[in-house]
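Accompanying notes for the structure given below.
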Amino acid sequence: MHAKPSPDPMISMWTWLAHDVRFYRTRAKMSGTRLGELLGCDRSTISRIESATLKIDDKQAKILDRIFDTGGHFLRLLRYAELGHDPDWFKAFIGYEKTAASIRIYEALVVTGLLQTERYARAQLQAGRIVDDVEMALEIRKARQAVLMRNPPPNMWVLLNEAVIHQPVGGAEVMREQLEYLLEVSRLPHISVRVVPRDVGAHVGLDGSFSTLESPTARAAYASALPEGRLILAAAEIEWYKNMFEQIGADALSRSASRTLLQQAMEEFK
């Protein structure tokens, strides 16, 4: 059985920490079982720590520094990782997105960035006035969308609040193009697009948009907010968002019925 690859240390402070646990352990020619004994846990726990799916605590960081004689390296990494808001959080999010095997997205207000047409994205960015350089933001968004066509592509499940497909972003022509594109990608085997109809009434998704990302070595979530969102790496919170996605999905139309609704919405923008 082959060990999972180490998470990319360039993605975030947490993946850097996980990477270095494995790096120093293997450099010391120490087994995962032995490190587990020293940290007071089992081999499977070490595996989860090294894949960035489980976080170490202060006590374990101090033990690691003592075992590997790293002069406080692990404790410092832990402190920075725990600071919360990483100024490079979006770069970290894109890193998780690039390697994701599965992506779940719920959007309450606009079409998700991964499925936006260029003209829709431009209209949204110009209206929001949040970014200083719209053209640069468009290039970044286009680069992000390439993940959907990689080989193999991630499996992606998208839930859209019905208001999204009726909100006239950029005018009728732009909206028709956007809805047509949603119909096109919804027929791809690895992409599911479903709509939560208005007649559902109140539901948990009205509180805001979010997404979850999973790969063989890491998990993350993202909660949307203005002026900028929040990257989430805590396992319990990621699980909470996954459960919320399932709750919203229970109220969504089927893929086929959602395509019918998208076609009907296109008629509004003739």
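Hey, in the GNM for the chain with a 10 angstrom Cα cutoff, which one of 202, 225, 101 fluctuates hardest?
202
Compute, for segment 89-268, the length of the dipole vector about the Cα centre, with Cβ point charges of +1 (Lys, Arg) and -1 (Asp, Glu) only. Units Debye, rounded to 20.
Computed charge dipole of segment 89-268: roughly 460 debye.
What is the distance, in nm, between label points placed 7 Å from the Cα along the Cα-to-Cβ direction at residue 239 and at residue 155?
The two pseudo-label positions are separated by 2.0 nm.
Which whole-Hz couplings ³J(HN,Hα) result when phi for each residue of segment 203-215 is put into the Karplus expression 6.51 cos²θ - 1.76 cosθ + 1.60, θ = phi - 60°, listed in order with x for Gly and Pro?
So the J values, rounded to whole Hz, are 8, 5, x, 5, 6, x, 8, 6, 8, 10, 10, 9, 9.
Set the Förster distance to 35 Å, then compute FRET efficiency between residue 48 and residue 172 from the Cβ-Cβ distance, nearest 0.05. Let's see the in-between values first.
Working: r = 51 Å, r/R0 = 1.45.
It comes out at approximately 0.10.
Classify segment 133-247 as rounded, prolate or oblate, taking a ≥ b ≥ c as the square roots of the eigenvalues of its Cα gyration tensor: rounded when a/c is under 1.5, otherwise prolate if a/b is larger than b/c and oblate if not.
Because its axes are fairly even, with a/c under 1.5, segment 133-247 counts as rounded.
Run the dipole for segment 61-127 about the Cα centre, Lys and Arg Cβ at +1, Asp and Glu Cβ at -1, nothing else charged, and hand back the magnitude in debye, nearest 20.
Details: 9 positive and 8 negative charges, 3 e Å.
Here segment 61-127 has a charge dipole of around 20 debye.
Using alpha carbon centroids, what distance separates segment 177-226 and segment 19-49, in Å?
Spelled out, the Cα-based centre of one part sits 37 Å from the other.
In the chain, with Lys and Arg counted as +1 and Asp and Glu as -1 at Cβ, which of these residues, 74, 265, 167, has the Cα nearest the positive end of the dipole, that is, farthest along it?
74
Just want the answer: with Cβ charges of +1 for Lys and Arg and -1 for Asp and Glu, which residue in 113, 46, 17 is farthest toward the dipole's positive end in the chain?
Toward the positive end, the furthest listed residue is 46.
Could you give the length gained by full extension between residue 250 and residue 27, i.e. 0.36 nm per residue of separation minus their alpha carbon distance, to one decimal place?
Net length gain for the segment: 75.5 nm.
Nothing charged except the Cβ atoms of Lys and Arg (+1) and of Asp and Glu (-1): what's the magnitude of the dipole of segment 81-167 about its Cα centre? Round to the nearest 20 debye.
Here the size comes out at about 320 debye.
Each reported figure results from applying straightforward, stated rules to the coordinates on display, with no laboratory input. No experiment lies behind these values; they were computed from the predicted model shown. Using ideal geometry, Cβ is built from the backbone for each residue, glycine included, and neighbour counts are taken over all protein chains shown.
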